[in-house]
Amino acid sequence: MNYNKRVRSWIVQAAIAVLFGFPLYWVVVTAMNSPQNVYRIPPVFVPQLDLKPLMSVLHQANWTTYIFNTVTISTVTVVLVLMTSALAGYALSDLKFRGQNLTLLFILGTMMLPGQALLIPQYLVISKLHLLNTYAVEIVPFAASALGVFVFRQFFKTLPKEYWEAAAMEGANRLFYLRKIAVPLAKPAVITVALLTFIGSWNMFQWPLIMTTSRSIQPLEVVLAHYMTFYQGNIPKMTAAVLIAVVPIAVVFFIAQRHIVAGVAGRDAGIKG
């Protein structure tokens, strides 16, 4: 009975995996196909290993610069988010102050605000600060994360109070305890927040599209949109450009998906009120 239930579970999981993995596979097939085969009926489901569209796209744009911009923006954002999330999460977890729960409620409430509704006032503020078309505008507004604060808070609440008491007896202050003891123990939270922030920053499109105009500082997703318009009549080249942007982040996700699922589900970080 248990064996049959397990087999059914595997079948369902395999079907879901195929359903979600097929679009990425189809991008690979299309990017390595000739324009004639792309429109064939029935479709060609096996990659033809025609690298001409991919090589053509690689030579027609400075993808190295765009990838460098995206990696730099994503990496710096991750570092800043980890710092601010750890500090705020610890304060909301272990420090007692008036309005603590209300502060947490306000932080979580920012996750419910639609980004599009705030674009105009944000644009005006950024313009007044003279940050338009700079690397800073692509990093600083995302240096804090409500989700990151929540994940760290939830993890820190699972740490025994005896850890802090023992550190305090040795003369440690709060920052020393956070840096040397709490954060190293919060590895699941660190990995979860870092990966989710990196993926979100890598896929950022609307914000840099509005706030920047120079190709030299724009991330991969914005430049990809320009090139998809340029290659609109050539589907293999268009999907080859998509493949360049998708493959790096897809590899990161597949390698680290276990940590993402575990952290978001609260299996490692723990969920406490």
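Nothing in this text is a laboratory measurement; each read-out follows from the coordinates by a stated rule. As the structure is a prediction and not an experimental result, all values here were calculated from the model. Virtual Cβ from ideal backbone geometry, glycine too; neighbours counted across all protein chains shown.
Structure summary
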quantity: DSSP-loop trypsin sites (Lys or Arg not before Pro) across region 1-88, with at most 16 other Cβ within 10 angstrom; calculated: 40
quantity: C-alpha long axis of helix 187-202 to longest principal axis of the chain, angle in °; calculated: 40 degrees
quantity: Projected label distance in nm at residue 55 and residue 158, using a 7 Å step from Cα toward the beta-carbon; calculated: 5.1 nm
quantity: Which of 83, 238, 55, 112 has the fewest Cβ neighbours within 10 Å, and the rest in rising order; calculated: 112, 55, 83, 238
quantity: Mean-position separation - Cα centroids, region 93-111 and region 112-161, in angstrom; calculated: 16 Å
quantity: Sites residue 173 and residue 106 - FRET efficiency at Förster radius 41 Å, r taken between beta-carbons, to 0.05; calculated: 0.90
quantity: Efficiency of FRET between residue 254 and residue 210 - r from beta-carbon atoms, R0 41 angstrom, step 0.05; calculated: 0.85
quantity: Inter-probe distance in nm under a simple model that places probes 7 Å from Cα toward Cβ, at residue 28 and residue 122; calculated: 3.4 nm
quantity: Label point distance in nm, residue 129-residue 14, each placed 7 Å from Cα along Cα→Cβ; calculated: 5.2 nm
quantity: Candidates 17, 86, 166: whichever shows maximal mean-square fluctuation once the chain is modelled as a Gaussian network with Cα springs under 10 Å; calculated: 17
quantity: Charge dipole (debye, nearest 20) of the chain; +1 at Cβ of Lys and Arg, -1 at Cβ of Asp and Glu; calculated: 560 debye
quantity: Positive-end residue, region 43-155 charge dipole about Cα centroid, Cβ charges, pick of 80, 131, 95; calculated: 95
